Amino acid sequence: MSYAKNVLVGFCVLVASALQCGCGSENETNAPAIKLTASTVASGADATAHVHTVTIPFTDISPVPVADVYQFRSEVSNGHSHVIALSKQQVIDLNNGMRLALASSAANSGTSHTHSWSIQGGSVLYEKNCYNCHSNDKRNHNPMNVSFNSSQISAVMNPGSAPLSTSTPATPDPNYSPSTAVSLDGSALYAANCSAVACHGPLATSSKQNKTYNQIKTAITNNSGGMSSLGGLTDAQLQAIATALIK
Ligand code: HEC
């Protein structure tokens with residue numbers, strides 16, 4: 001598949017992802033996350049070839065990141081898992097199409113080693129803004145909707161050639177465990193779920209200003225423009241988005 005062309009970096013692959021904001025007509029895959037696989041053991045004694053995957057929700061790759069550090073624990077493989085961390089500036093860099101090279105924390109059990117991970121901002125932009133309508137068909141194509149800046153456009157067209165972020169990386173906490181706390185930050189939720197170029201645009205100029213909780217809920221229930229993909233948001237989160245939309 002054409003997806004494979006994008007995966008230039010041997011040690012790590014963006015394997016599967018899709019658009020959370022369901023604004024297109026084809027919504028066969030609406031996983032609200034980006035899944036990475038690290039396939040190279042970067043350092044340490046564990047020479048056994050093994051890979052880990054980690055899932056990063058789009059809500060955490062918002063153009064307006066709110067936290068200083070975003071951490072993610074990988075799935076278990078070979079009896080252990082690892083943590084990767086993104087700094088706020090790295091999230092901003094990703095949204096500008098840059099590439100990130102990360103080192104994971106050491107394993108939480110067994111022999112001590114780390115993995116190398118790579119995230120291509122151009123692919124993230126594609127997943128967020130194009131995948132839902134075009135599946136993999138328009139990878140490496142000129143973005144048709146351009147509220148993108150020139151770096152973002154080049155990155156979508158060639159994710160593997162985008163500049164590597166030089167922002168100071170975050171240090172992963174090897175003891176980090178994912179919290180189940182649900183964000184109720186309406187602006188951040190809007191930015192992550194609704195602001196894609198093909199959807200409703202940035203909050204300040206949203207085409208959905210002053211929409212109420214009931215109107216948003218109905219749009220999701222009726223799958224307006226594919227919005228059923230937002231069915232995972234809680235009522236409290238929808239209320240927070242409605243509050244953020246009040247002008
Ligand atoms: C809301 C759905 C939707 C989204 C989101 C969307 N497209 Fe499209 N795109 C279309 C439709 C419909 C067409 C016209 C039919 C076709 O050519 O497939 C089209 C056409 C295109 C074309 C061919 C025509 C042209 O202008 O060159 C390209 C290339 C393209 N899109 C790339 C992208 C990229 C890259 C993104 C993400 C930044 C994107 N599109 C986002 C629906 C969408």
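Of the cross-linked pairs Lys35/Lys128; Lys35/Lys217; Lys88/Lys128; Lys35/Lys138, those separated by over 22 Å at the C-alpha level are Lys35/Lys217.
Model label points for Ser112 and Asp137, set 7 angstrom from Cα along the Cα-to-Cβ axis, are 5.2 nm apart. Each part reduced to its alpha carbon centroid, the stretch 126-150 and the stretch 156-179 end up 21 Å apart.
Compute the distribution of all C-alpha to C-alpha distances in the stretch 46-185, in bins of 5 Å from 0, and list the percent of pairs in each, rounded to whole numbers. Values per bin, smallest distances first: 2, 10, 18, 20, 18, 15, 11, 5, 2, 0. For the pair Ser177 and Ala67, label points projected 7 Å from Cα toward Cβ lie 1.6 nm apart. Remark: Thr55, Thr114, Thr234, Thr243 ranked as Thr234, Thr243, Thr55, Thr114, counting other beta-carbon atoms within 10 Å and listing the fewest first.
Residues whose amide H falls under 5 Å from that of Arg99, counting only those 5 or more places apart or on a different chain, are Gly121, Leu164, Ser165, with hydrogens built in the peptide plane.
A simple packing score, the average count of other Cβ atoms within 10 Å per residue, orders the peptides 71-77, 120-126, 160-166, 84-90 as 120-126, 84-90, 71-77, 160-166, with the highest score first.
Residue exposure proxy: Met227, Met98, Met157, Met144, ordered by other Cβ atoms within 10 angstrom of their Cβ from fewest to most, comes out as Met144, Met157, Met227, Met98.
Any read-out appearing in this document is the output of simple, stated calculations on the displayed coordinates, not a laboratory observation. Note that the structure is a prediction, hence the values are computed from the model and not measured. Note: ideal-geometry Cβ built from the backbone for every residue, glycine included; neighbour counts use all protein chains shown.
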